[in-house]
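Enquirer: Before I ask anything, here is the structure I am working with.
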Amino acid sequence: MCATCGCQGDGGPVVTLPHEHQHPHSSHEHDHDHDHQHGPSGEVITLEQKVLAKNDLLAERNRGWLAGRAISAFNVMSSPGAGKTTLLVRTIGDLSGARPIAVIEGDQETTLDADRIEAAGSSVVQINTGSGCHLDADMVRRALEKLDPATGTLLFIENVGNLVCPALFDLGEEGKLVLISVTEGDDKPLKYPHMFAVADAVVVNKTDLLPYVDFDMKTFVRHAQSVNPEVRILPTSATTGDGMDDWYGWLAENRHIVR
Ligand SMILES: Nc1nc2c(ncn2[C@@H]2O[C@H](COP(=O)(O)OP(=O)(O)O)[C@@H](O)[C@H]2O)c(=O)[nH]1
Ligand SMILES: [Mg+2]
């Protein structure tokens, strides 16, 4: 049980390479290093602060491990379907000639996104979280061991689609990116302020659909800045390619964020 958000890890996450299909519930890797205590009647006493403190410690280890290999890691978060994988596939196609790119894919089930990333030409490891709704630093550590990225790699960590819990868990990344698509509405920074507050940049994706939806960019920017005054906002269409150069420019500028 994730004591912080109540999601269930179902025996722990399953970390796989594409085509290494494995049902997430088929292996029981849970080491019983529980982040909760059982009371006299067997109830679970959740220790949210302990979970986050342990996660922060592991995240710092990841950060050190990544720095030792000069790897820049970006945590990509959004609601399901905002376009994270599509943006990464296009980014791999455009940038992988210049430097090695690797991806850690987080989803509750399937290796579908890892298959898309691999087809785009990047090395990738899939983490299936079962019913868990976010990645944590320990899952990323295990994925990194499997991925073994080369020195100087640009690493993207695609988090589980969710605008709530991923905001709480430091993974050891250099930068946090939040994607929002214009079909989700311009009020999301007000409804999910924690997510937008932790973002180093917000990609507003699917701008090709702006003529068809009721999304006002100025209103969105005002809402985003109300919870995060310094946040950089990058409108993109991952399908047409509009705005991708600004996204690449932001990546180049922010490869060595010291948090
Ligand atoms: N029109 C439009 N569709 C997009 C764009 N980016 C992604 N999509 C579509 O949105 C759907 C979800 O995209 P996906 O990358 O899987 O989202 P994820 O769940 O955040 O990884 C897919 O059908 C994509 O083709 C975009 O910029 N414009
Ligand atoms: Mg995806």
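The values are calculated or read from the model by the stated rules, or taken from the named source; none is laboratory data. Since the model is a prediction, treat every value here as computed from it, not as a measurement. For neighbour counting, all protein chains shown are included, and Cβ atoms are generated from backbone atoms with ideal geometry for every residue, glycine included. Just so you know, the surface numbers come from the protein's heavy atoms only, side chains and all, with ligands and any DNA or RNA stripped out. Shrake-Rupley method; radii C 1.70, N 1.55, O 1.52, S 1.80 Å.
Enquirer: Which trypsin sites (Lys or Arg not before Pro) in region 203-246 pass both tests, a DSSP loop state and at most 12 other beta-carbon atoms within 10 Å?
Expert: Listed in order of number, the matching sites amount to none.
Enquirer: Which of the three applies to region 58-157, rounded, prolate or oblate, going by the alpha-carbon gyration tensor with a ≥ b ≥ c and a/c under 1.5 meaning rounded?
Expert: Note, shape of region 58-157 comes out oblate.
Enquirer: For region 116-259, how many pairs of lysine residues have a Cα-Cα distance under 22 Å, where the two are 8 or more positions apart or belong to different chains?
Expert: Counting lysine pairs in region 116-259 gives 8.
Enquirer: Taking the Cβ-Cβ separation of ALA119 and ARG232 as r and a Förster radius of 30 Å, what is the calculated FRET efficiency to the nearest 0.05?
Expert: The calculated FRET efficiency here is 0.50.
Enquirer: Assuming 0.692 mPa s and 37 °C, estimate D for region 14-253 with Stokes-Einstein, Rh taken as the Kirkwood radius over Cα pairs, in µm²/s.
Expert: 177
Enquirer: Which FRET efficiency value, to the nearest 0.05, is calculated for VAL164 and GLU60 with the Förster distance at 25 angstrom and r the Cβ-Cβ distance?
Expert: Efficiency, rounded to the nearest 0.05: 0.60.
Enquirer: Same structure, new question: Using a 1.4 Å probe on the protein heavy atoms, what percent of the accessible area of region 14-253 belongs to carbon and sulfur?
Expert: So the carbon and sulfur contribution to the accessible surface is 52 percent.
Enquirer: Another question, then. In what sequence, largest accessible area first, do ARG61, ARG90 appear using a 1.4 Å probe?
Expert: ARG61, ARG90
Enquirer: Does region 46-87 come out rounded, prolate or oblate, given a ≥ b ≥ c as the square roots of the eigenvalues of its C-alpha gyration tensor, rounded meaning a/c under 1.5 and, failing that, prolate meaning a/b above b/c?
Expert: Since a/c reaches 1.5 but b/c is at least a/b, the shape of region 46-87 is classed as oblate.
Enquirer: For ARG69, what accessible area in Å² do you get when you roll a 1.4 Å probe over the heavy atoms of the protein chains, rounding to the nearest 10?
Expert: 70
Enquirer: Write down the accessible area per residue of region 165-205 in Å², having rolled a 1.4 Å probe over the full set of protein chains.
Expert: 26
Enquirer: Additional query: In region 14-253, if the dipole is taken from +1 on Lys/Arg beta carbons and -1 on Asp/Glu beta carbons about the Cα centre, which of GLY175, CYS165, HIS194 is farthest to the positive end?
Expert: GLY175
Enquirer: Could you sort GLU253, GLU158 by their accessible area in this structure, using a 1.4 Å probe and putting the largest first?
Expert: GLU253, GLU158
Enquirer: Which order do the peptides 100-110, 241-251 come out in when sorted by mean C-beta neighbours inside 10 angstrom, highest first?
Expert: Taking the mean over residues of other Cβ atoms within 10 Å, the ranking is 100-110, 241-251.
Enquirer: For the pair ASP94 and HIS194, how long in nm is the line joining their label points, each one 7 Å along Cα→Cβ?
Expert: With each label placed 7 Å out from Cα toward Cβ, I get 3.2 nm.
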